2 protein chains.
Amino acid sequence: MEYSEKQRQIMDVALALFADHGYHKTSIRDIARAAEVNVAMVSYYFGSKDKLLEAIFIHRFSTMREILRDIIYEKTHSPIEKVEKFIDIFIDMLVQHQLFHRLMMRESSVIKEGPLFDMIYELKTTNRRLVEKAVKNGQRLGVFRKDVDVFFMSSVLIGSVNQNLANHRYEMEHTQWTAEEKEIAKKNRINALRKHLKRMFIAYLTIDEGQ
Amino acid sequence: MEYSEKQRQIMDVALALFADHGYHKTSIRDIARAAEVNVAMVSYYFGSKDKLLEAIFIHRFSTMREILRDIIYEKTHSPIEKVEKFIDIFIDMLVQHQLFHRLMMRESSVIKEGPLFDMIYELKTTNRRLVEKAVKNGQRLGVFRKDVDVFFMSSVLIGSVNQNLANHRYEMEHTQWTAEEKEIAKKNRINALRKHLKRMFIAYLTIDEGQ
DNA sequence: TACAAAACTAAACAAACGTTTAATTTAAAC
DNA sequence: GTTTAAATTAAACGTTTGTTTAGTTTTGTA
């Protein structure tokens, strides 16, 4: 699916507004105003507001799919390195697509059917399968323990990163830092997130039960 | 603040609809129909739709505040037991108030000011302070490591539980189990969540760096 | 029973919503 | 330069929205 510059402009503006104020709170007139186009253009190009959301999802999903697919082909030496690499790529992905990620997380709690539901379901399943693959690899090599809950692990991965970013945004609302200071604080926070998430996962995966 | 039976009925119905379909997607007429009252009653009792949401938040928050406050007075023997107890109470709280928790999580991403923002901010801060207290206690007794990131830990706690419950709901949409079977599956899932979350936290808190 | 306050109702309100229409401008092709 | 299709516009469409009004019923009190 190819989009003209104007179509992409509408999609980008809509994504930002949807992420900031929610899908239903954002009106087509809000989008048109921010994108500096006529209100009729959204229907003209995308058919409807729902279809616009769907177009945004399809567009962003194809990128995320590629990133997740690339994780498999990452050549690493040990199972631990593989887990660390996985976490790095995963965090990079969510940070890079943070607006879309926020939108998806928010709407996923009320979407119960249709193409968007299927896409989100696919993403969650893919994510879980990749975690499972990495875990089983480590188990086969005798590095990881046997009784690891993959459902739990994938929940922790996406849930922790998501909550960490959300909390950080919340705290930033209370500060009066400059944009530059906020950028530095964000980088530090993400680096801390990487470090502790890796440590926590590896501790959970390798620790001996016999205490 | 005391509410009559009818007022509580409206609040309960509204909470369920808000949690299931989102605040902005749910109309006052939807609420009135489900609660079997006249549309004007919502404005009559609560003033406006926003105030109704606020009333729901205030009402549920007072309960959650009490639960979190009780955690401090939990008498336990060791720091590890304290962490385990904390996780148990926390999960109990989110499961018991799962509708409200879903609503709060969803709306917290778009609420940027006002009384609801302040309440959510307070809850996050309280939660983090309690985690900090438990961690420092363990550090003082030489059981936990020194370089623990409390911001990270509180994010992992709420994020993991939230994501786990959300994923479980997502998977349930695809099955055709009976209500009873779903209830059993849910219980099992929550028990697994308890077990693995405790194990993971304790592994992260106690493991030696010198590997 | 009389009365005042509270509870409740149907109807109407203006505003905002997503979408469509009909007309006009722009761009491309011949 | 003419023609044809695409892009763009302002205006209007019918619904739905949250809220208010004005009137009725119920309830509690003296």
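The values are calculated or read from the model by the stated rules, or taken from the named source; none is laboratory data. None of these values were measured; they are calculated from a predicted model. Glycine gets a Cβ as well: all are built from the backbone with ideal geometry, and neighbour counts include every protein chain shown. What goes into the accessible areas is simple: the full protein's heavy atoms, side chains included, and nothing from ligands, DNA or RNA. Shrake-Rupley method; radii C 1.70, N 1.55, O 1.52, S 1.80 Å.
Out of B:85, B:49, B:75, I need the residue that is within 25 Å of residue B:200 (Cβ to Cβ) and either touching a Ser or Thr at 6+ places or on another chain (Cβ under 8 Å) or within 11 Å of DNA strand D (Cβ to nearest atom) (or both). Which one?
B:85
I need a count of the residues in segment A:38-56 that are more than 8 Å from DNA strand C (Cβ to nearest atom) and under 23 Å from the mean Cα position of the chain (by Cα).
Of the residues in segment A:38-56, 4 are more than 8 Å from DNA strand C (Cβ to nearest atom) and under 23 Å from the mean Cα position of the chain (by Cα).
Any idea which of (1) of a type in the set (D, E, K, R); (2) open to solvent by less than 30 Å² (accessible area, probe 1.4 Å); (3) under 21 Å from residue B:194 (Cβ atoms) is the one residue B:106 doesn't satisfy?
Result: residue B:106 fails condition (3) only.
Cβ-Cβ distance below 8 Å, separation of 6 or more or different chains: which pairs start in segment B:16-38 with a residue that is under 15 Å from residue B:51 (Cα atoms) and end on one that is open to solvent by less than 10 Å² (accessible area, probe 1.4 Å) and more than 12 Å from DNA strand D (Cβ to nearest atom)?
Note: pairs meeting the criteria are B:18/B:56; B:18/B:103; B:23/B:103; B:23/B:107; B:24/A:22; B:31/B:10.
Restricting attention to segment B:182-210, report how many residues are touching a Ser or Thr at 6+ places or on another chain (Cβ under 9 Å) and open to solvent by 90 Å² or more (accessible area, probe 1.4 Å).
Adding up the residues that qualify gives 0.
Of the residues that sit in segment A:18-45 and are surrounded by 16 or more Cβ atoms within 10 Å (Cβ to Cβ) and within 11 Å of DNA strand D (Cβ to nearest atom), which one is nearest to the other protein chains (Cβ to nearest Cβ)?
For segment A:18-45, the residue satisfying everything is A:24.
Can we say residue B:110 is in contact with a Lys or Arg (Cβ under 6 Å, 6 or more places away or on another chain), within 16 Å of DNA strand D (Cβ to nearest atom) and free of Cβ contacts under 8 Å to residues at least 60 places away in the same chain?
Against the criterion (in contact with a Lys or Arg (Cβ under 6 Å, 6 or more places away or on another chain), within 16 Å of DNA strand D (Cβ to nearest atom) and free of Cβ contacts under 8 Å to residues at least 60 places away in the same chain), residue B:110 does not qualify.
Tell me which residues, restricted to segment B:137-177, are away from chain A (no Cβ under 12 Å) and among the aromatic types (Phe, Trp, Tyr).
Across segment B:137-177, the qualifying residues are B:144, B:177.
Would you point out the residue of segment A:5-37, among those that are more than 8 Å from DNA strand C (Cβ to nearest atom) and polar (S, T, N, Q), that is farthest from the chain's Cα centre (by Cα)?
Once the filter is applied, the top-ranked residue is A:7.
Consider residue A:123 against the criteria (1) of a type in the set (A, V, I, L, M); (2) within 16 Å of DNA strand D (Cβ to nearest atom); (3) buried (at least 17 other Cβ atoms within 10 Å of the Cβ): it satisfies all of them except one. Which criterion is unmet?
With (1) of a type in the set (A, V, I, L, M); (2) within 16 Å of DNA strand D (Cβ to nearest atom); (3) buried (at least 17 other Cβ atoms within 10 Å of the Cβ) applied to residue A:123, the lone miss is (2).
Here are the criteria: (1) surrounded by fewer than 19 Cβ atoms within 10 Å (Cβ to Cβ); (2) farther than 21 Å from residue B:18 by Cα; (3) within 16 Å of DNA strand C (Cβ to nearest atom); (4) not aromatic (Phe, Trp, Tyr). Tell me which single one residue A:99 does not satisfy.
That leaves (3) as the condition not met.
Does residue A:80 count as over 14 Å from the mean Cα position of the chain (by Cα), of a type in the set (Val, Ile, Thr), at negative phi and assigned by TED's automatic domain parsing to the domain that holds residue A:156?
Here the answer is yes, as residue A:80 does meet what is asked.
Only one of B:135, B:143, B:156 is closer than 23 Å to residue B:198 by Cβ and at pLDDT 95 or above; which?
B:156
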